[in-house]
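In what follows, a structure is listed as structure tokens, so that the remarks can point back to it.
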Amino acid sequence: MGRFLRILLLANAMNTLSGGDKRFVELGRRWAKLGHLVTVMTTPVGCEICRKERLEATYFILPFRFVDKFNQITCNLIRTLLASVIILKKNADVVYSTSDFLNDMLPALLLRRVVHWRSKLKWVALTFYLIPPPWRRKGELVTNIVAYFLQRVSLLFFRVGPDLVITNTSLLRDELRRIGVAKPIEALPNGIDAESIKKTPASDRLSDAVFVARMKSSKGAFDAILVWEQVCRRLRNAQLAMIGAGDVKTTRLLQNEIHKRNLESNVALLGFANSRTVYALMKSSKLLIYMDTESGWGITICEAMGCGLPVIAYDLPAFREVYGDAIDLVPIGDVRRFSKTVLNLLTNDDLRVRRAQKAREAVQKYDWDQIARDELLLLEKIQRLDGQGPRSSRCD
């Protein structure tokens, strides 16, 4: 490796451990161990999550907790403005916006434009999937319209701002090219922490299947309950563990659905869990059901396969590129077929063992250590373009 870099990770949109958040935590942990100076600018919740995930870095926590009492849109706007002002005092070689949310994009754009002339700062921007038009997306229409519009604004920044755009599939790289992003784009995979998975013992909590995602419509949480209702018609005592954070409203709606379908003894909402707890719960289960309708890669799928679980997922193009025939794919929204596939695996031990073995073999190539090294080479390469010499001061 080359000289040590000062890497500023912007995670101002972090309020749970999404796939994108998981990625920067895993890479940041490894870059810090290699001696690079990693600083994370994030929310109080984001800082707590990062520390639970053992990311040893310098943290700058966005102040003024009073903004949390506002609705999400207002809160995000205020935090974005605060971050845009505060960030101008930060020194870095590379600013790394960990998502395409405006919370992360706007401060990075400002820092890049204002500071670049004197420090040769470089901006690396990440994006992992394109939000579909509101009329093709589950959930509340107004929320979907706002999310779609804000991402399209961010994509305008992608055309002019970053020195490098990183995504994780060739499909998305080609789509970004198609919509006019002319900046350098690299498609790098995600990975798994094979060593941590190996060391984590199975949980005492046994389940037939595990569901791991944020509790929202587009992640398939409500579809998972519909599937499990059909599974329980044949396997009366089948157990589903649902892991992931959800807002109060969505959690209440899920609880109502579970109650309405008489599944209180079959479905457990376990809330947010750190990675090691998730691995333990996966290892005490028989398979993963993954019903996300928008995923750009599926780190959870990869981790479950690393834990030796067969995976059943909705059929997204990215999954075909990444996992091929190592997972079972079902047409989006086909709850009946999904249920039959689950039952087929739960009632056929030999088939489940064969699919588990294929899953383990398929993910051996996805390793965070190698991905961290590959991505670090890219950061060093773009930072050298201006011939900037080494620096020694640390972000605070």
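Per atom type, the chain shows carbon and sulfur on 53% of its accessible surface, probed at 1.4 Å.
Need the C-alpha centroid separation for region 141-214 versus region 223-263, integer Å. The distance from the Cα centre of region 141-214 to that of region 223-263 comes to 26 Å. Solvent exposure of Y96, expressed as accessible area, is near 0 Å², computed with a probe of 1.4 Å over the protein chains only. This model, with +1 at the C-beta of Lys and Arg and -1 at the C-beta of Asp and Glu, gives region 232-362 a dipole about its Cα centre of some 540 debye.
Might you report the magnitude of the Cβ-based charge dipole of the chain about its Cα centre, with Lys and Arg at +1 and Asp and Glu at -1, to the nearest 20 debye?
Numbers: 60 positive and 41 negative charges, 111 e Å.
Using Cβ point charges on Lys, Arg, Asp and Glu, the chain gives about 540 debye.
Using the charge dipole of the chain (Lys, Arg: +1 at Cβ; Asp, Glu: -1 at Cβ; taken about the Cα centre), state which of F211, W31, Q370 has its Cα farthest towards the positive end. Positive-most Cα among the choices belongs to W31. Remark: accessible surface ordering of V335, V94 (largest first) is V335, V94, probe radius 1.4 Å. Packing around the peptides 165-173, 246-254, taken as the average count of other Cβ atoms within 10 Å per residue, puts them in this order, highest first: 165-173, 246-254. Using C-alpha pairs under 8 Å with a sequence gap of at least 6, the mean separation divided by the residue count of the chain gives a relative contact order of 17 percent.
Please calculate how many Å² of accessible area the chain carries per residue, with a 1.4 Å probe and no DNA, RNA or ligand atoms counted. Can you show the working numbers first?
On the way: 17760 Å² over 396 residues.
Accessible area per residue: 45 Å².
If the limit is 25 Å between Cα atoms, which of K33/K90; K122/K216; K122/K198; K33/K183 go over it? Intermediate values should be presented prior to the final figure.
On the way: K33/K90 22 Å; K122/K216 35 Å; K122/K198 37 Å; K33/K183 30 Å.
Table pairs above 25 Å Cα-Cα are K122/K216; K122/K198; K33/K183.
Near C307, once Lys and Arg are set to +1 and Asp and Glu to -1 for all other residues with Cβ below 10 Å from its Cβ, the sum equals +2.
Contact order, relative form, for region 136-270: 20 percent (alpha carbon pairs under 8 Å, 6 or more residues apart, mean separation divided by residue count).
Of the complete DSSP H runs in the chain, those spanning 15 angstrom or more by Cα along the long axis with a mean Kyte-Doolittle score not below 0.0 are 72-86, 102-119, 141-160, 221-234, 335-346.
Ranked by the mean number of other Cβ atoms within 10 Å per residue, highest first, peptides 104-113, 266-275 order as 104-113, 266-275.
The residues H36, H259, sorted by heavy-atom accessible surface at 1.4 Å with ligands and nucleic acids left out, run H259, H36 from largest to smallest.
The values are calculated or read from the model by the stated rules, or taken from the named source; none is laboratory data. Not measured: the values here are computed from a predicted model. We place every Cβ from the backbone using ideal geometry, glycine too, and count neighbours over all the protein chains shown. All accessible areas refer to the heavy atoms of the entire protein, side chains included, with ligands and DNA or RNA removed. Shrake-Rupley method; radii C 1.70, N 1.55, O 1.52, S 1.80 Å.
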